[in-house]
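Structure first, commentary second.
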């Protein structure tokens, strides 16, 4: 029954994505994702800890993720993800996410969701282009504040950490049971063809015009966090 419900949700998400996956919509999504990340990092004492951000292998941003009524209930959203590569941050790949359980704030109609993939295991599952965040692969609620608590084990054991922002409220949020997969329609609309997910995120795809705002926001967030760490002698 669970697999059937997820399949129905993915079909509905595909229909929704097709309606809003043209080139202008994908560029708007990149812009919105960059803006969301900038706003989250504007308040470092309440945002993503510096050492978490600088240690992230991949950064996914799903702006304006909403609660949906597509066939089955649940949350849905479309966003972008970039990973570290030998050439710096990769060109962004387009993703969809839906279903599962999210610890969003009560009453929130839409949120900005950020998922950080922290180690090789998390990146490998992301590059599979379609996987369910469940069990050991679930995205744990990330620590919040200028620095991560010394008592957390995110450096060693956590594959992914997630955060949400709604109506000015920011918090770590657990994500479990949702499915992340490549948004093929958006990929075709933006790149002109269905570029393989792993190829894009490995850094082997040129970042075309339209990606500048998002990638600049990622670099700025990382540089700011790294500068603070260096100033504090870390």
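Computed from the coordinates by the stated procedures, all read-outs in this text should not be read as laboratory data. Treat the numbers as computed from the prediction; the structure is a model and nothing was measured. Quick reminder, even Gly has a Cβ in these numbers, built from the backbone with ideal geometry, and neighbours come from all protein chains shown.
In a fully extended conformation the segment linking residue 171 and residue 220 would gain 15.5 nm over its present Cα-Cα distance, using 0.36 nm per residue. One decimal place: the segment residue 23-residue 230 gains 70.6 nm when fully extended, by the rule 0.36 nm per residue minus the C-alpha distance. Counting beta carbons within 10 Å around each of 81, 115 and listing the fewest first gives the order 81, 115.
Length gained on full extension, residue 206 to residue 87: 41.8 nm, using 0.36 nm per residue less the C-alpha separation. Listed from fewest to most Cβ neighbours within 10 Å, the set 183, 64 follows the order 64, 183. Per-residue Cβ neighbour counts within 10 Å put 78, 165 in the sequence 165, 78, beginning with the fewest.
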